[in-house]
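The values are calculated or read from the model by the stated rules, or taken from the named source; none is laboratory data. Treat the numbers as computed from the prediction; the structure is a model and nothing was measured. Heads up, the Cβs are rebuilt from the backbone with ideal geometry, glycines too, and the neighbour counts pull from every protein chain shown. Protein only, heavy atoms only, side chains kept; ligands, DNA and RNA dropped before computing areas. Shrake-Rupley method; radii C 1.70, N 1.55, O 1.52, S 1.80 Å.
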Amino acid sequence: MVNIRNPIVFFILTWLFVLVLYSLQYSKLLTVLSNSTLLYIGLSCSSFAASYLFVISITKKWDGKTTYFSNIGINKVLKIVFFIWLSLTLVEIAYFRSLPLLALLGIGAGAYTEWGIPSLHGLLNAMIIALSNYFFYLFLTTRNKKYLWFFLFCLCWPILLVTRQVFMSMSVQAVLTYIFLNKFKAKTVFTIALVALCVVFLFGFVGDLRAGDSLMFINLAQPSDDYPAFLPSGFLWVYIYVTSPLNNVNFNIDKYPGFAFNPSYVLSSFFPSFIRNMIFEKENIFDFKLVNQYLNVSSMFPNYLGAFGYWGSILFYFVLGTIFSLVYVKATRKNVNIKWIFIIVVLLHNILFSVFVDFFSNLVFIFQMILHYFIGTKVKFKDDQV
């Protein structure tokens with residue numbers, strides 16, 4: 001059976017899935033994929049696969065059952081993290097005097113796109129997503145319903161902020177955590193499918209709420225005559241969001257040289273926004289253009305194409321894949337600190353969202369992984385190995 005816990009396998013399957021959806025041509029906006037684009041995706045997957053083969057050739061891989069360390073004293077650490085998050089969140093609420101959802105309902109003023117103190121808001125997003133990971137994990141392992149309520153609170157928070165990205169990140173990471181802690185059975189597949197269906201409905205609901213009118217998005221998406229019109233709006237939202245980034249890459253792929261060295265494309269994301277704006281200029285050296293100005297996501301690829309070029313980025317993916325593979329080997333040993341599971345879950349999440357954007361160099365998710373490592377290291381586990 002295919003091991004989707006492996007980030008390399010997950011990357012390959014994710015992009016094969018995108019190619020299948022794209023081939024359906026359910027939107028009139030989608031252009032025909034060029035040979036350069038198809039070759040680039042194929043070589044990217046091959047580069048990741050080669051990195052995994054390299055890692056397992058130099059490390060000893062555990063093929064038996066993995067046991068996760070049981071946690072002691074984690075509640076105290078989580079209370080501290082939650083208290084910090086809540087205190088700083090109250091500062092944001094006091095500063096803006098409302099919440100985005102309330103503002104949309106006419107209670108308070110301000111636009112949801114302008115809500116949040118720069119840099120601090122990203123830090124708080126990382127904290128609440130990390131907390132949701134732990135609450136969901138503790139519910140699965142203890143079946144204590146208080147952890148489920150805490151998780152649901154975390155899940156409701158991005159709805160109050162009218163931000164689908166944080167909501168989707170929490171949901172996806174919860175599903176990935178569930179996959180890691182459970183064997184694949186018919187019940188597991190059914191549960192994941194049910195959650196995915198609920199997420200699609202909520203995605204469409206929040207999308208329609210933001211757009212103000214579902215018909216407005218239909219006009220934007222330009223569904224083809226073959227599109228199953230009986231499906232809820234959430235399915236069209238998801239289809240366009242999944243395929244339009246590759247459409248933008250395909251539209252610009254021939255502009256990039258074989259090799260380049262513009263590291264600011266990647267490095268700028270490692271800095272908080274107030275520092276990034278002072279040090280780095282917004283670069284568009286290769287005149288990257290959108291097929292449609294309203295569909296402005298372009299996957300992970302433009303960052304690395306711009307930084308290293310067509311062939312250079314393929315080589316960089318080998319380095320990136322090596323890092324992922326080393327973390328995966330660490331997370332699949334005989335006895336594993338749960339922090340490594342959370343870190344691999346964040347990496348899998350970033351791979352899934354690589355369809356839309358580059359989260360590998362995103363400060364929010366980098367901080368989330370650091371936070372997971374810090375909590376897992378500070379909390380004493382039975383027979384723990386830091």
Considering region 329-372, residues that are out of contact with any helix residue (DSSP H, G or I) (no Cβ under 6 Å at 6 or more places or on another chain) and over 27 Å from SER264 (Cα atoms), and then whichever is modelled with the lowest pLDDT, we arrive at LYS334
Test PHE201 against the stated conditions and say whether it is within 29 Å of TRP115 (Cα to Cα), open to solvent by 20 Å² or more (accessible area, probe 1.4 Å) and at pLDDT 65 or above.
-> yes
For region 22-57, enumerate the residues that are buried (at least 16 other Cβ atoms within 10 Å of the Cβ) and at pLDDT below 90.
-> TYR26, SER27, LEU29, LEU30
Taking only region 1-57 into account, find how many residues are of a type outside the set (Ser, Thr, Tyr), over 22 Å from the mean Cα position of the chain (by Cα) and not in a helix (DSSP H, G or I).
-> 8
Exactly one of LEU39, LEU21, LEU53 is of a type in the set (A, V, I, L, M) and in contact with a Ser or Thr (Cβ under 8 Å, 6 or more places away or on another chain), and that residue is LEU21
Look through region 309-337, keep the residues that are open to solvent by 40 Å² or more (accessible area, probe 1.4 Å) and assigned to a helix (DSSP H, G or I), and return whichever of them is farthest from VAL355 (Cα to Cα).
-> LYS330
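For region 84-123, which positions are of a type outside the set (Val, Ile, Thr), within 15 Å of PHE153 (Cα to Cα) and either at pLDDT below 80 or open to solvent by less than 20 Å² (accessible area, probe 1.4 Å) (or both)? Show your work before the answer.
The first filter runs over region 84-123 and keeps only residues of a type outside the set (Val, Ile, Thr), leaving 85-88, 90, 92, 94-106, 108-112, 114-116, 118-123.
If we keep only those that are within 15 Å of PHE153 (Cα to Cα) too, we end up with 85-86.
Scanning region 84-123 gives a single hit, TRP85.
Restricting to region 136-149, name every residue that is of a type in the set (A, V, I, L, M, F, W, C), open to solvent by 10 Å² or more (accessible area, probe 1.4 Å) and under 21 Å from TYR373 (Cα atoms).
Of all residues in region 136-149, those of a type in the set (A, V, I, L, M, F, W, C) come to 136, 138-140, 148-149.
Imposing the further condition that a residue be open to solvent by 10 Å² or more (accessible area, probe 1.4 Å) reduces the set to 136, 139-140, 148-149.
Passing the criteria: PHE136, PHE139, LEU140.
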